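Since the structure comes first, as structure tokens, the remarks are kept for the end.
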Amino acid sequence: TDNKIVSKKTISLHQEDDVEESYNDIPPPPDGGYGWVIVVASFMCNMVVDGISYTFGIFLSEIVRDYGETKGKTAWVGSLLTGMCMCAGPLVGILANRFGCRATCIAGSLISTAAFTMSIYCPNVDWLMLIYGFIGGTGFGLIYLPAVVCVGYYFESKRSLATGIAVCGSGVGTFAFAPLATILLEAYGWRGANLILAGIIFNCVIFGALMRPLEYPGKSKLDTKILSINSEQSEIVQGPKKASSHSVLSNSFAESRRRADSTGSFLARNIMEAENAFTSKLSLASKKSNTVQPLARKDVFYSGSILNLKEFQSQKSLASYRHSVLNVSYVNNRGDRYQKFEKYPAISATTLICILLKYFTAENTYRRLLKDPIFLFVGFSNFFGMAALYVPFVYLVDCATADGIDTESASFLLSIIGITNTIGRIACGYLADFPQVNALFVNNVCLILAAISIGFMPFCHTYLAYATISIVFAIAVSGYISLTSIILVDLLGLNRLTDAFGLLIMFRGAAALIGSPLAGALYDATQSYTIPFFVAAALFGASAIISFMVPCVRACMPHERKLQNDEILTPINQRDMKT
């Protein structure tokens, strides 16, 4: 019995070494080559999704007149489109990790195309909310997240440049779609314009098809090693004579479990642990694809230069850093440090709801973040900021038109915001790459600028004034949006980026759902845009105040919590495993 227990421990260590060696088979991001095709595809997807989302305000007045509804109610159509795009993030992440960025983006393109096409037959605003807003927004989410992830998937040392180019699609889309939407609206009405936009969205099928997954070089050694490990584990139960069939091994473990129930011995408990290990490894061995999962890296959402990460600086080499940022769990029930693939296992489509529920109830994911005061302050700051963000995009054109500015010139204000936003994102990304620049402080300054610019919008009565305020607002928005992942890493650490980013996007999505309808309801009550813009400015101001409090909250945290958030990743070849 003692010999078998020793053999079990020896095989466990050998098992860790084999899984460690399999990391060497993981292909490094190409950092160029076909990766630039991915950047172009991501740029175009961002251009289409954000270009259409940000220009909904151009159609708002026409839809209000067509259905005879209030602006507050009709604004729910556009807010559902943008809100669902973000709220669908966790579900889209699961789908992208299971089926890949290519299939997910193509599916989202088809869903959004169908939704925009069917929206022209909606008999009332309620149906338009469901078809255009809810279904169309979900489809946009299926396009948007793969476009973001795929760039980080293909780039490592050049990721800052590649991400900067890709996200510029948002500003270019706003710049291009604002005059296009105006022309289509005047020529074909909002229904005909939506039909043409559906055709434009359909082109994202092509862009999604370009998102080719990374593959292991040649035949993966991981499956062979796993099966070898499973065979060795079976010797613990059956001795040297064993059958190689998976069914026979499963039966042997079932028999061992029955013996464990009757004896309750230490050996029996080790046998059951071996069974659990077998089941886990067998699920990996049964994977049909040798592609790398899109969310297999903890830094996939990080938009800055990895050279500034303390997690990178703590490693001996780029390969060591690459191994350390795999999405893995760190601590087992004995407190040993080890790594294994278990964060994003292969799943079937029928279990998606269960997985989502698990994400919201598991102690080590969202619930732990919701108990973190730093994340809560960042989350509420983003909630207030995002509630105000879409108010100018939806109502600025109508406000300028009411001031006597012609429709084409008023629509071009969104184009000004779009092109300035593009330049601002590049500038903010460049500044954030300097280690001495505090990304959180830059974000807070941008929030103050956003509050000031929106607060002055009711006092604008000339086109020059509107254009000037639009430029200031665009600069503020560019910093607010582009620095998100860098701030999360600075405050919470790279280990928690994926979960924190996903939950923060849900905060933003919930805020985007209520921001525009609230402003519309205030307009319906006052018949003026003064109060809606003042409320939006107050929301941005509240966001800035909360964000300025984050460093104070962090300074008051216990030292142990700071160490947890600032944990430096340990390279695989430097792990200490207890024997």
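Rundown of residues vs (1) farther than 23 Å from Met386 by Cβ; (2) open to solvent by 20 Å² or more (accessible area, probe 1.4 Å); (3) among the hydrophobic types (A, V, I, L, M, F, W, C), yes/no style:
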residue: Ser53; (1), (2), (3): no, no, no
residue: Phe59; (1), (2), (3): no, no, yes
residue: Tyr67; (1), (2), (3): yes, yes, no
residue: Ala75; (1), (2), (3): no, no, yes
residue: Gly78; (1), (2), (3): no, no, no
residue: Gly83; (1), (2), (3): no, no, no
residue: Pro90; (1), (2), (3): no, no, no
residue: Gly93; (1), (2), (3): no, no, no
residue: Asn97; (1), (2), (3): yes, no, no
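Select, from Ile196, Ile200, the only residue that is open to solvent by 60 Å² or more (accessible area, probe 1.4 Å) and closer than 21 Å to Ile143 by Cβ. So that I can check it myself, show each step before the final result.
Working: Ile200 fails: open to solvent by 60 Å² or more (accessible area, probe 1.4 Å).
That would be Ile196, the only listed residue that is open to solvent by 60 Å² or more (accessible area, probe 1.4 Å) and closer than 21 Å to Ile143 by Cβ.
Just checking, which of Gly404, Gly385 is crowded, with 23+ Cβ neighbours inside 10 Å and either in a helix (DSSP H, G or I) or of a type outside the set (D, E, K, R) (or both)?
Among Gly404, Gly385, only Gly385 is crowded, with 23+ Cβ neighbours inside 10 Å and either in a helix (DSSP H, G or I) or of a type outside the set (D, E, K, R) (or both).
Only one residue in Leu110, Leu128 is open to solvent by 50 Å² or more (accessible area, probe 1.4 Å) and either farther than 17 Å from Phe56 by Cβ or part of a helix (DSSP H, G or I) (or both). Which one? Steps first, please.
Details: Leu128 fails: open to solvent by 50 Å² or more (accessible area, probe 1.4 Å).
After applying the criteria, what remains is Leu110.
Give me the pairs, please: first residue somewhere in the range 30-43 and under 16 Å from Ile106 (Cα atoms), second residue anywhere and surrounded by 15 or more Cβ atoms within 10 Å (Cβ to Cβ) and small (Gly, Ala, Ser), beta-carbon distance under 6 Å, and either six or more positions apart or on two chains.
Once the first residue is under 16 Å from Ile106 (Cα atoms) and sits in the range 30-43, its partners that are surrounded by 15 or more Cβ atoms within 10 Å (Cβ to Cβ) and small (Gly, Ala, Ser) give Ser42/Ala147; Ser42/Ala166; Phe43/Ala166; Phe43/Gly169.
Say whether the condition of being within 18 Å of the chain's Cα centre (by Cα), open to solvent by less than 40 Å² (accessible area, probe 1.4 Å), under 14 Å from Met386 (Cα atoms) and not aliphatic (A, V, I, L, M) is met by at least one residue in the range 455-476.
Scanning the range 455-476 turns up no residue that is within 18 Å of the chain's Cα centre (by Cα), open to solvent by less than 40 Å² (accessible area, probe 1.4 Å), under 14 Å from Met386 (Cα atoms) and not aliphatic (A, V, I, L, M).
Determine, yes or no, whether Ile423 is assigned to a helix (DSSP H, G or I), surrounded by fewer than 24 Cβ atoms within 10 Å (Cβ to Cβ), among the hydrophobic types (A, V, I, L, M, F, W, C) and in contact with a helix residue (DSSP H, G or I) (Cβ under 6 Å, 6 or more places away or on another chain).
No, not satisfied.
Since Ser157 meets every condition but one in (1) open to solvent by 10 Å² or more (accessible area, probe 1.4 Å); (2) touching a residue at least 12 places away in the same chain (Cβ under 8 Å); (3) part of a helix (DSSP H, G or I), which condition does it not meet?
Of the numbered conditions (1) open to solvent by 10 Å² or more (accessible area, probe 1.4 Å); (2) touching a residue at least 12 places away in the same chain (Cβ under 8 Å); (3) part of a helix (DSSP H, G or I), the odd one out for Ser157 is (3).
Applying the selection to the range 162-185, what residues are surrounded by fewer than 17 Cβ atoms within 10 Å (Cβ to Cβ) and without any contact (Cβ under 8 Å) to a residue 40 or more places away in the chain?
Ile183, the sole residue that qualifies.
Can you tell me which residue among Val442, Val437 is surrounded by 15 or more Cβ atoms within 10 Å (Cβ to Cβ) and without any contact (Cβ under 8 Å) to a residue 40 or more places away in the chain?
Numbers: Val442 fails: without any contact (Cβ under 8 Å) to a residue 40 or more places away in the chain.
None of the other options fit; the residue is Val437.
With respect to the numbered conditions (1) open to solvent by 10 Å² or more (accessible area, probe 1.4 Å); (2) touching a residue at least 24 places away in the same chain (Cβ under 8 Å), which one is the sole condition not fulfilled by Met118?
(2)
The values are calculated or read from the model by the stated rules, or taken from the named source; none is laboratory data. Being a predicted model, the structure only gives us computed values, none of them experimental. Glycine also receives a Cβ, built like all others from the backbone with ideal geometry; neighbour counts cover every protein chain displayed. Quick note on the areas: whole protein, heavy atoms, side chains included, nothing else; ligands and nucleic acids left out. Shrake-Rupley method; radii C 1.70, N 1.55, O 1.52, S 1.80 Å.
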